[in-house]
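In what follows, a structure is listed as C-alpha cells, so that the remarks can point back to it.
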Amino acid sequence: MADYQIRKYQNSDYEVARDIFVAGMNEYISAAFLHVTRQWWNLVVLLTVIFLLFLTSGSFFMATLGMVFALGGERLCFTYAWRRYIDQTLKADLQDIQRSYMEGDVSCFWVVECSGDIIGTVAARPAAETLYELELKRMSVRRAWRGRGIAKALCRTVIDFARQKGYKAVVLNVTFVQHEAQQLYEGLGFLKCQEYFAQTVFGKWSNFRVFKYRYSILGNS
C-alpha cells in the first residue's frame, strides 16, 4: 500500500476537500431513499395511487405503471432535498474552511495526502453544547482507499488533538444509514449517547434518525 500522510489543511486543498464531502454524502442517497419508501405514510400514498388508477382505468397494468412513475417522482424529490442539504453544508462551515477551522487553536481541519492526491478529510471544532467537548466533523475517505485504516487514523488524529487541547470528550453525529461509520466509531471506543430524529419536517415524517456518539478522553486514557 502506498504511504499516506495526514496533514493540516491548506488553501490549495479547498476544492478537493469539498468534492470529497459531496461524494461521500451522495453514497447514502439510495439507502436513505429505501428507508423512506418503507414508511407507513408512503405505503398509504402508493396504495392510494394504485387504487385510484385501477378504479379510473380498469387496468392493473396502468395502475402498476402509475406506481412506478410515482416512485420515480419520489426519488427525484428525495434526491433534490438531499442535495439541498449538501449545498447548505457547502455554504456553511465548508464555504470558508480556513476561517471555520484554521484561524484558532481550538479547531482544525486535516486532509490525507497520498502521492500528491487528497484522499480523505476530517475536521474538529468545539461542540456547540459545551466548551469541554470537541466535535468531530466532515470525516470522509475516498471509496477506493477504504479498508486500509485511514479512517481510524483520522479519528485518532482528532482524539489526540482533543487530548492535547484539554477537552474531556470527542462527540460526533452520524445518521442511521451510515453503518460502516457506526462500526468504526464503536470499534475505537465511542459510545452511543443519544438518538433523535433529524430536526426538519422531512426528518420527522421519515423517522430519519441521527445518533450521537461520545468518546471520553479520561475514560480511555
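Could you please let me know if W205 is farther than 20 Å from I97 by Cα, at pLDDT below 90 and open to solvent by 50 Å² or more (accessible area, probe 1.4 Å)?
Details: farther than 20 Å from I97 by Cα: yes; at pLDDT below 90: yes; open to solvent by 50 Å² or more (accessible area, probe 1.4 Å): yes.
Answer is yes for this residue.
Screening the candidates T64, T48, T79, T121 for the property of being touching a strand residue (DSSP E or B) at 6+ places or on another chain (Cβ under 6 Å), at pLDDT 80 or above and among the β-branched types (V, I, T) yields one hit, T121. Quick check: anything in the range 131-148 over 15 Å from the mean Cα position of the chain (by Cα), open to solvent by 20 Å² or more (accessible area, probe 1.4 Å), modelled with pLDDT of 95 or more and over 24 Å from N26 (Cβ atoms)? Checked against the condition, which is being over 15 Å from the mean Cα position of the chain (by Cα), open to solvent by 20 Å² or more (accessible area, probe 1.4 Å), modelled with pLDDT of 95 or more and over 24 Å from N26 (Cβ atoms), the range 131-148 yields at least one hit.
Please indicate, with yes or no, whether at least one residue in the range 158-166 is aromatic (F, W, Y) and either closer than 22 Å to K8 by Cβ or in contact with a helix residue (DSSP H, G or I) (Cβ under 7 Å, 6 or more places away or on another chain) (or both).
Kept after step one, since they are aromatic (F, W, Y), are these residues of the range 158-166: 161.
Within this subset, residues satisfying the condition of being either closer than 22 Å to K8 by Cβ or in contact with a helix residue (DSSP H, G or I) (Cβ under 7 Å, 6 or more places away or on another chain) (or both) are 161.
So far as the range 158-166 goes, yes, one or more of its residues are aromatic (F, W, Y) and either closer than 22 Å to K8 by Cβ or in contact with a helix residue (DSSP H, G or I) (Cβ under 7 Å, 6 or more places away or on another chain) (or both).
Can you say whether E113 is modelled with pLDDT of 95 or more, in contact with a strand residue (DSSP E or B) (Cβ under 6 Å, 6 or more places away or on another chain), surrounded by fewer than 19 Cβ atoms within 10 Å (Cβ to Cβ) and of a type outside the set (A, V, I, L, M, F, W, C), as far as the supplied structure shows?
Values: modelled with pLDDT of 95 or more: yes; in contact with a strand residue (DSSP E or B) (Cβ under 6 Å, 6 or more places away or on another chain): yes; surrounded by fewer than 19 Cβ atoms within 10 Å (Cβ to Cβ): yes; of a type outside the set (A, V, I, L, M, F, W, C): yes.
The answer is yes for E113.
Looking only at the range 66-80, count how many residues are open to solvent by 30 Å² or more (accessible area, probe 1.4 Å) and closer than 16 Å to A32 by Cβ. Count: 6.
Identify the single condition in (1) of a type in the set (A, V, I, L, M); (2) more than 30 Å from L131 (Cβ to Cβ); (3) open to solvent by less than 70 Å² (accessible area, probe 1.4 Å) that V44 does not satisfy, given that it satisfies every other one. Unmet for V44, out of (1) of a type in the set (A, V, I, L, M); (2) more than 30 Å from L131 (Cβ to Cβ); (3) open to solvent by less than 70 Å² (accessible area, probe 1.4 Å): (3).
The residue list A63, A92 contains one member that is open to solvent by 40 Å² or more (accessible area, probe 1.4 Å) and of a type in the set (G, A, S), which is A92.
The values are calculated or read from the model by the stated rules, or taken from the named source; none is laboratory data. These figures come from a predicted structure and were not determined experimentally. Every residue, glycine as well, gets a Cβ built from its backbone with ideal geometry; the counts of neighbours run over all protein chains shown. Surface areas here come from the heavy atoms of the whole protein model, side chains and all, with no ligands, DNA or RNA. Shrake-Rupley method; radii C 1.70, N 1.55, O 1.52, S 1.80 Å.
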